[in-house]
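These notes are about the structure you will find just below.
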Amino acid sequence: MDKMFHELDASDVPKSARDAFFRLVDVLESNSDVIVLPSETLMTTQEAADLLGVSRMTVVRLIERGELATEGGGVHRRIAAVELARYRASSMARRRAALHELAQEIDDETPPDQIVNTR
């Protein structure tokens, strides 16, 4: 295998592929929480819960509400890694939008007791 890489000339690899590879290496070096999985990897509901940082029951509820797509059915549902990435990105976008909306409602004239409201 080493011989194969030694014979490969850097000019044989597209610049976009080299850039992507170096970006991946940077992310892996800077963040110990990064997990790299093939997109076709299928995970159990428990594995998905561990990756999302939620309970298995929360993942089951997300599936039942149609927020997470699964493969298979019954008790042996599997979730594709690409589906978890999609859900995570959309969830983050929703949270950012909600925070942005809240921030727009607060200005210098807003009393402190109106800024921090609980349920």
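Quick note: the coordinates plus some simple rules give every number you see, no bench work behind them. No experiment lies behind these values; they were computed from the predicted model shown. All Cβ positions, even for glycine, are placed from backbone atoms using ideal geometry, and neighbour counts span all protein chains on display.
Take the Cα of Thr44, step 7 Å along the line toward its Cβ, and report every residue of the stretch 76-115 whose backbone nitrogen sits under 11 Å from that point. 76-77, by backbone N distance to the label point. Rounded to the nearest Hz, the phi-derived 3J(HN,Hα) couplings of the stretch 24-31 under the Karplus curve 6.51 cos²θ - 1.76 cosθ + 1.60 (θ = phi - 60°) are 4, 4, 4, 5, 5, 6, 8, 9, where x marks glycine and proline. Packing around the peptides 61-72, 88-99, 42-53, taken as the average count of other Cβ atoms within 10 Å per residue, puts them in this order, highest first: 42-53, 61-72, 88-99.
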